[in-house]
Amino acid sequence: MALEPVTQVFLAELAEADGPAIHESTPAVARLHGPILSGLSGRGPEVGSVRDVKVDGRIRVRVLRPEGEPRAVVVYFHGGGWVLGDIDLQYDHVGRRIVEATRATVVLVNYRKAPEHPFPTAVEDSWRGVEWVAEHAKELAPAGVPLVVAGDSAGGNIAAVVARRARDLGGPRVDYQVLVYPVTDCDFDRPSYVDPRNQLLLSRDTMMWFWDHYLPDKAARTHPDASPLRAESLAGLPPAFVYVAEYDPLHDEGVAYAEALREAGVPVELEEAAGQMHAFFQMAGILPGFEDGLRLVAEHINQFVAGKVV
């Protein structure tokens, strides 16, 4: 279908503002866009409780609990190309909405960003966040509830990597993974990458800019902790919901990852957000696709929890 109409208007307004594209900016300048979008999205709903914890004195996590007994724990890794984004202005409202829609405890991990902290810092920080959740499981939810790892874009990349690391190291137990338009490979020449229709808020040039800051060594980008599609084996990973956007350079690698999981025997559900561009999943109050996407992600988590919760 055609690009969703509100998205078209949003992009036209950005063009009229005549600001530099992300890939023409420095990380410091690009990070200034976050507060503007967060002001449009709003704070999000009230939840039962909120607390910030500093893990190992360097990694901040935010624990958002629902009213009543949590049905699951969702560890969420935010997007932003490993360079942008945070758990305060840009993703607190996403976490709150997931809490409201799933009655799960949501833990947002504020992994450190490139280029100040290049690969593999984001992965190592996020993995430590998952370990912390496992260590404090009794404080977060009743024993036996599912542990879900989730994320969008670069956060989807991280969620895929930590799910595989949990398999390889024999724990912590990860029961389900939700990957929203994830980065799964370092190939800039897939059809969706070069399609002119997909050069929108996120473009091929922008993704190259993100990779250049996150992992400048091009040869190292094929490491499975950077490109999870390149892992030797995906067998034995937890069931997954992979959600891709129709107008997105990352569309094809998301589909490819879902297909690779399925070929490895992993239960996978793959859906496409028709008419949506990359980044819609964080744009509450800006793009209507957020509401549909949040509802769909929550439905998949709730269906899994209904079958797994003890």
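Some notes on this structure:
- Applying the criteria of a DSSP loop state and at most 14 other Cβ atoms within 10 Å to the chymotrypsin sites (Phe, Trp or Tyr not before Pro) of segment 174-264 yields Phe188.
- Sequence-distant residues sharing a close amide H with Val268 (under 5 Å, placed H): Ala240
- Sequence-separation-based contact order of segment 5-308, relative, with Cα cut under 8 Å and 6+ spacing, percent: 18
- Longest to shortest principal axis, alpha-carbon extents of segment 1-148, angstrom: 52, 34, 28
- Take the Cα of Ala274, step 7 Å toward its Cβ, do the same at Arg112, and the gap between the two points is 4.6 nm.
- Along the axis of the charge dipole computed for segment 1-54 (Cβ charges of +1 for Lys and Arg, -1 for Asp and Glu, origin at the Cα centre), the listed residues Ala17, Val6, Gly42 are led at the positive end by Gly42.
- In the chain, the calculated helix contribution to ellipticity at 222 nm averages -11500 deg cm²/dmol per residue, counting -39,500 (n - 2.57) for every DSSP H run with n ≥ 4.
- Rounded to the nearest 5, the antiparallel percentage of DSSP beta bridges internal to the chain is 30%.
- Less than 5 angstrom separates the built amide H of Val74 from those of Thr105, Val106, Val107, Val148, all sequence-distant by 5 or more or on a different chain.
- Debye, to nearest 20: dipole size of the chain, +1 on Lys, Arg Cβ, -1 on Asp, Glu Cβ: 1060
- Full-extension gain in nm, Ala12 to Ala256, via 0.36 nm per residue minus C-alpha separation: 84.7 nm
- Computing FRET efficiency as 1/(1 + (r/R0)^6) for Leu169 and Leu32, where r is the C-beta to C-beta distance and R0 is 41 Å, gives about 0.60.
- What you get for segment 1-89, charging only the Cβ of Lys and Arg (+1) and of Asp and Glu (-1), is a dipole of about 560 debye around the Cα centre.
- Estimated FRET transfer efficiency (His23, Lys218; beta-carbon r; R0 25 Å; 0.05): 0.90
- 19 Å Cα cut-off, lysine pairs counted over the chain (separation 8 or more, or different chains): 4
- The share of Cα pairs per 10 Å bin across segment 194-269, counted from zero up to the longest distance, runs 18, 40, 35, 7 percent.
- The Cα atoms of segment 98-192 give a gyration tensor whose axes a ≥ b ≥ c have a/c of 1.5 or more with a/b greater than b/c, which makes the shape prolate.
- Cut-off under 5 Å, modelled amide H: who pairs with Gly79 long-range: Asp152, Gly155
- Residue order, fewest to most beta carbons within 10 Å, for Ser192, Ser233: Ser233, Ser192
- In the chain, Rg over Rh equals 0.93, where Rg is the alpha-carbon radius of gyration and Rh the Kirkwood radius from pairwise Cα distances.
No value in this document is a laboratory result; all are computed from the given coordinates. From a predicted model like this one, the values you see are computed outputs, not experimental measurements. Counting neighbours? That spans all protein chains shown, and the Cβs are built from the backbone with ideal geometry, glycine included.
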